[in-house]
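Worksheet for the structure shown next.
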Amino acid sequence: MIILDIETSGLALNCGIWQIGAINISSQNYFLEEAKIDEEDSVEEGALKVTGKNEEQLRYPGKQTQKKMIINYLDWVGEQREKLFFGQNVGWDITLIQNKTIKYGLHKEFLEIHGQRGNDLHSLVQEKYFEIYGKYLLGKTGKSDFNLGKVSYFCGIPDERINVRGSEVVKEGKIHNALDDCRLEGEILYRLKFGKNLFDEFKRFEIPGYLKK
């Protein structure tokens, strides 16, 4: 099982990917690389606040190209025996990577190595919530109310990350980093599926009784 997380210059499809993080939680083998976004990639203010970066850092010419980073990532995925992808809204991460492979003429390699589907932590936690309470967790407008912060809390882990809505900071906290988020999401997955702790840094957070097996 591979936990995948990317950091981007925004939420639109014309934004760039500047960081890819992935962990094979079966082997603890991980991938983390950064790149400069392309000249034509757009940058959103909210993304800069989430990552603690500025546009000059995202376009720094001393870093490898986005294309090279994606080639290296596909090579890493190709070495993994199990290629099942998990993450919070991981379908979006996969879609953005796929769009870049189309742009760079790497789509054939993407389809051979990677695949287009992923397993969303959001779906897993909603089903677990329904199993316990007989209903889904919905907000005032009827939409799902499980963002990553609430997923973490449900699994007994406090949300220490910065939270930005649009370009407004609604909660101060740690900036987002792809590998740190992968480790958090891997811990969440392990608690949801197996009722167990995965990474040592999360041992101080008690696993809720409704997740223990």
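Below, the figures for the structure above:
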quantity	calculated
Selection from the stretch 1-39 of residues that are buried (at least 23 other Cβ atoms within 10 Å of the Cβ) and among the aromatic types (Phe, Trp, Tyr)	Trp18
Residue within the stretch 183-195 that is acidic (Asp, Glu) and more than 21 Å from Thr8 (Cβ to Cβ) present	yes
Unmet criterion (only one of (1) under 20 Å from Arg117 (Cα atoms); (2) of a type in the set (S, T, N, Q); (3) at pLDDT 95 or above) for Ser9	(1)
Residue satisfying all of: in the stretch 40-72; in contact (Cβ under 8 Å) with a residue 60 or more places away in the chain and in a loop (DSSP other than H, G, I, E, B); surrounded by the fewest Cβ atoms within 10 Å (Cβ to Cβ) among these	Gly52
Asp145 being surrounded by 17 or more Cβ atoms within 10 Å (Cβ to Cβ), of a type in the set (D, E, K, R) and within 22 Å of Trp92 (Cβ to Cβ)	no
Matching option when the condition is buried (at least 17 other Cβ atoms within 10 Å of the Cβ) and in a loop (DSSP other than H, G, I, E, B), among Leu198, Leu184	Leu198
Ile175, sole failed condition from (1) touching a helix residue (DSSP H, G or I) at 6+ places or on another chain (Cβ under 8 Å); (2) buried (at least 20 other Cβ atoms within 10 Å of the Cβ)	(2)
Condition check for Ser152: at pLDDT 95 or above and within 24 Å of Val50 (Cβ to Cβ)	yes
Matching option when the condition is under 21 Å from the mean Cα position of the chain (by Cα), part of a helix (DSSP H, G or I) and free of Cβ contacts under 8 Å to residues at least 60 places away in the same chain, among Phe110, Phe146	Phe110
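The values are calculated or read from the model by the stated rules, or taken from the named source; none is laboratory data. What you are looking at is a predicted structure, and each value in this text was computed from that prediction instead of being measured. Reconstructed Cβ throughout: ideal geometry from the backbone, glycine too, with neighbour counts over all protein chains shown.
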